[in-house]
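A.B. asks: Below are the structure tokens for one structure; questions will follow.
The values are calculated or read from the model by the stated rules, or taken from the named source; none is laboratory data. Note that the coordinates shown come from a computational prediction; the quantities given were computed from them, not determined experimentally. Counting neighbours? That spans all protein chains shown, and the Cβs are built from the backbone with ideal geometry, glycine included.
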């Protein structure tokens, strides 16, 4: 599914668009799973829209073991093969899934951040696949700062107030001027079935959404992924994992199953 040029672009920019990667059957399964997820939230679900504001922005994660549609897509769709190929990894493990939904007329923007500091994992073979179930306009599209996956880690941000976590040893993310960074910004209008693959260190953001924007993200671990201790809370928290894995130890745990792929 990927060319050598695709892999080179990913290694250079830290994010790449793959068009028409998923058939409708996978999108239908994800849509049914999201409907069930909205009715039955997990313990770490969040609502970001304040009372009285238009639209609705909510997310949830780590529900793949109880929502069968998510599990089937994660273990059987092309997503794992895509992630494995782009990382050039011999094996691939599922880290977790993450659902992000902005209903029509949602004004909340997703602030600039990168994902790896939130996570209890270090390494270079770490990617996310991001799948929209609705057409994505330029205004609501994901935006990536090309090459930022090669830079330092910054303190993670809280989405409800855009303030940084108190992470000792991690600098706050400097303000990113999209005007000044214009040539380095990668952003794409998307159709359902398209997939963005991005490194967990790639800085990214997103606007509000005038129309419904349902997105299903999956986080994947390659060969060099190891457990990392962070100086503050992680997201997802994976309670108790710090007693079972030590910093620098491979992510060998039943929470992170190896996925068989055709690649």
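A.B. asks: Quick check on my filter: what residues within the range 46-105 are on the phi > 0 side of the Ramachandran plot and in contact with a helix residue (DSSP H, G or I) (Cβ under 9 Å, 6 or more places away or on another chain)?
C.D. replies: 88
A.B. asks: Still on this structure: Being at pLDDT 95 or above, surrounded by fewer than 22 Cβ atoms within 10 Å (Cβ to Cβ) and touching a helix residue (DSSP H, G or I) at 6+ places or on another chain (Cβ under 6 Å): is that true of residue 259 here? Give the derivation first.
C.D. replies: Details: at pLDDT 95 or above: yes; surrounded by fewer than 22 Cβ atoms within 10 Å (Cβ to Cβ): yes; touching a helix residue (DSSP H, G or I) at 6+ places or on another chain (Cβ under 6 Å): yes.
Judged against the criteria, residue 259 is a match.
A.B. asks: Pick from 179, 202: which is in a loop (DSSP other than H, G, I, E, B) and within 15 Å of the chain's Cα centre (by Cα)?
C.D. replies: On inspection, the qualifying residue turns out to be 202.
A.B. asks: Looking only at residues that are at pLDDT 95 or above, touching a strand residue (DSSP E or B) at 6+ places or on another chain (Cβ under 7 Å) and in a loop (DSSP other than H, G, I, E, B) in the range 205-248, which one is surrounded by the most Cβ atoms within 10 Å (Cβ to Cβ)?
C.D. replies: 225
A.B. asks: Which ranges mark the strands (runs of 3 or more DSSP E) fully within the range 1-118 that have 2 or more residues being more than 23 Å from residue 190 (Cα to Cα)? Explain how you work it out, then say what you get.
C.D. replies: Values: elements: 15-18, 57-61, 93-102, 110-113.
Ranges flagged: 93-102.
A.B. asks: Is it the case that some residue within the range 237-247 is in contact with a helix residue (DSSP H, G or I) (Cβ under 8 Å, 6 or more places away or on another chain) and either touching a residue at least 60 places away in the same chain (Cβ under 8 Å) or under 23 Å from residue 124 (Cβ atoms) (or both)? Reasoning before the result, please.
C.D. replies: So in the range 237-247, the residues in contact with a helix residue (DSSP H, G or I) (Cβ under 8 Å, 6 or more places away or on another chain) come out as none.
No: the range 237-247 contains no residue that is in contact with a helix residue (DSSP H, G or I) (Cβ under 8 Å, 6 or more places away or on another chain) and either touching a residue at least 60 places away in the same chain (Cβ under 8 Å) or under 23 Å from residue 124 (Cβ atoms) (or both).
A.B. asks: State whether the residues of the range 127-138 include one that is under 20 Å from residue 208 (Cα atoms) and modelled with pLDDT under 95.
C.D. replies: Yes - at least one qualifying residue is present in the range 127-138.
A.B. asks: Does at least one position in the range 249-258 carry a residue that is in contact (Cβ under 8 Å) with a residue 12 or more places away in the chain and not in a loop (DSSP other than H, G, I, E, B)? Show your work before the answer.
C.D. replies: We begin by selecting, within the range 249-258, every residue in contact (Cβ under 8 Å) with a residue 12 or more places away in the chain; these are 249-251, 253, 255-258.
Imposing the further condition that a residue be not in a loop (DSSP other than H, G, I, E, B) reduces the set to 250, 258.
Yes; the residues of the range 249-258 include at least one that is in contact (Cβ under 8 Å) with a residue 12 or more places away in the chain and not in a loop (DSSP other than H, G, I, E, B).
A.B. asks: Further question on the same structure: Output the residues belonging to the range 143-159 that are surrounded by fewer than 22 Cβ atoms within 10 Å (Cβ to Cβ) and on the phi < 0 side of the Ramachandran plot. Working first, answer last.
C.D. replies: Keep residues of the range 143-159 that are surrounded by fewer than 22 Cβ atoms within 10 Å (Cβ to Cβ), which gives 143, 146-147, 150-155, 157-159.
Listed by number, the residues that qualify are 143, 146, 150, 151, 152, 153, 154, 155, 157, 158, 159.
Results for (1) within 15 Å of residue 99 (Cβ to Cβ); (2) buried (at least 19 other Cβ atoms within 10 Å of the Cβ); (3) in contact (Cβ under 8 Å) with a residue 60 or more places away in the chain; (4) more than 19 Å from the chain's Cα centre (by Cα), shown as yes or no for each residue.
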residue: 9; (1), (2), (3), (4): no, no, no, no
residue: 17; (1), (2), (3), (4): no, yes, yes, no
residue: 45; (1), (2), (3), (4): yes, no, no, no
residue: 51; (1), (2), (3), (4): no, no, no, yes
residue: 80; (1), (2), (3), (4): no, yes, yes, no
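A.B. asks: Starting from residues that are modelled with pLDDT under 90 and assigned to a loop (DSSP other than H, G, I, E, B), keep the ones in the range 160-176 and report whichever is surrounded by the most Cβ atoms within 10 Å (Cβ to Cβ).
C.D. replies: Narrowing the range 160-176 to residues modelled with pLDDT under 90: 160-166.
Still in the running and assigned to a loop (DSSP other than H, G, I, E, B): 160-163, 165-166.
Details: 160: 13, 161: 8, 162: 12, 163: 12, 165: 18, 166: 10.
Out of the qualifying residues, it is 165.
A.B. asks: Being crowded, with 21+ Cβ neighbours inside 10 Å and outside any helix (DSSP H, G or I): is that true of residue 140 here?
C.D. replies: yes
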